[in-house]
């Protein structure tokens, strides 16, 4: 074979090889960027939708307060608020499925009037309060319970002021304020004359900002059987500063109901009662704290305590996107929102078909 | 051209092709800018929202007047999502830095740094205006 043919063959092979590898590499390099441009515009669109949900008050603007009203257009903002990202306490409470007046996902979806998207909303305190019962010391007249209280955000300790309430049968004890660096041990002494199960309610206020609040509730046995799960005896539905306590069993008798915040507490007065439910007026405390409502009562011979927060958080409503991320574009946006002077974290997931 | 030299020309052509193809790689690498801008906007908007919320009851201005830099750092640490690094600088009306301590939760390891500016008015008896510069990055 002449040398020129070998040269030509070598040059042609090199060119073909290079062109092919260039095509492959270019497409591999460009594809994610082209895809990202599409994704960026979708992300932008979905972010606008998330923002719209939190800045718009919906129609009718007071749909949250009236238990019979279903929104025509969906929005969670407080009507006539000057503060951006301020949410309505009742609209938020109606997202929680524990509330008797909760609106369903189908109703929200219809009111949103966007058929090509699904979404999910989570609202929770900015940091967590974890309560663990670490030891119990029983004496003839009293019992001492030792609790470990952790205030953390994603495992990082949060310095906070703590206040505790202990609720049992005809018993409400308030503690003074404790300062915690993220972990504190607390001793609760209960007389053996007090009937349980008892409830330890903890409020935590971040030292650095009084509007950053969280809470935790722990039910424990005291002169009683182990406490039953939340919602076993009552379904508590706070709305428009009125509490509806729906009885799960017909033989239930309610004794006392309390509204607790970090700075204030009050005993609630019944406004009406029937075979199925009892209503109470809720005090409107000017406090940057969620209100914890505790209702005590008897189911024949069993004493119980039930509780709910107002706004009824933490909550998560909407579509569960787990396992759907490969089939759809899902984007999460996190916001800091205000509900009744306190700050909370709100995450909105919006998803649609992959384009 | 000599018949024997034709093969060499084709080899040179091939090297030119290599040059062209690699320059196309260089151009396509610049397409990442679009993605970066969007991330910056998200971070900047998150930072601005955090500052607005901290200032909604005048707390931020009070912390600045009291020189309570630790409280500002702690508040931002709680409010911003985990994994976001920040560095905050506060200036007076003459653009002189007034924070005497570094208000930050660590060094920036990312090259994608977002910036947001916020004007904070004090609520004290003497009116003061502060210019806050907040730099944010996602920890990598």
Any residue that is at pLDDT below 95, more than 26 Å from residue A:337 (Cα to Cα), surrounded by 15 or more Cβ atoms within 10 Å (Cβ to Cβ) and touching a strand residue (DSSP E or B) at 6+ places or on another chain (Cβ under 9 Å) - is there at least one of those in segment A:119-126?
no
Name the residue, out of A:275, A:195, A:187, A:253, that is loosely packed, with under 15 Cβ neighbours inside 10 Å and in a loop (DSSP other than H, G, I, E, B).
A:275
Pull out all pairs, ordered by first then second residue, where Cβ-Cβ is under 6 Å, the residues are six or more apart or on different chains, the first lies in segment A:12-41 and is at negative phi, and the second is at pLDDT below 70.
A:29/B:28; A:30/B:28; A:33/B:31; A:36/B:35; A:37/B:34; A:40/B:38
Hey, can you tell me all the residues within segment A:309-337 that are surrounded by fewer than 20 Cβ atoms within 10 Å (Cβ to Cβ), assigned to a loop (DSSP other than H, G, I, E, B) and modelled with pLDDT under 90?
A:319, A:320, A:321, A:322, A:323, A:324, A:325, A:326, A:327
How about segment B:64-78: which of its residues are touching a residue at least 12 places away in the same chain (Cβ under 8 Å), over 18 Å from the mean Cα position of the chain (by Cα) and not in a loop (DSSP other than H, G, I, E, B)?
B:64, B:65, B:69, B:70, B:72, B:75
Mind counting the residues in segment A:151-180 that are at pLDDT 90 or above, over 14 Å from residue A:200 (Cα atoms) and more than 14 Å from every other protein chain (Cβ to nearest Cβ)?
0
Among the residues of segment A:47-68, which ones are without any contact (Cβ under 8 Å) to a residue 12 or more places away in the chain and crowded, with 16+ Cβ neighbours inside 10 Å?
none
Here the residues within segment B:125-140 that are exposed (fewer than 13 other Cβ atoms within 10 Å of the Cβ) and either at pLDDT 85 or above or over 24 Å from the mean Cα position of the chain (by Cα) (or both) are B:125, B:126, B:127, B:129
If I filter segment A:79-98 down to residues being within 14 Å of another protein chain (Cβ to nearest Cβ) and touching a residue at least 40 places away in the same chain (Cβ under 8 Å), which single residue comes out as surrounded by the most Cβ atoms within 10 Å (Cβ to Cβ)?
A:87
Does residue A:333 satisfy being on the phi > 0 side of the Ramachandran plot and within 14 Å of another protein chain (Cβ to nearest Cβ)?
no
Residue A:306, sole failed condition from (1) closer than 30 Å to residue A:126 by Cβ; (2) touching a residue at least 12 places away in the same chain (Cβ under 8 Å); (3) not in a strand (DSSP E or B)
(3)
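The values are calculated or read from the model by the stated rules, or taken from the named source; none is laboratory data. These figures come from a predicted structure and were not determined experimentally. Glycine gets a Cβ as well: all are built from the backbone with ideal geometry, and neighbour counts include every protein chain shown.
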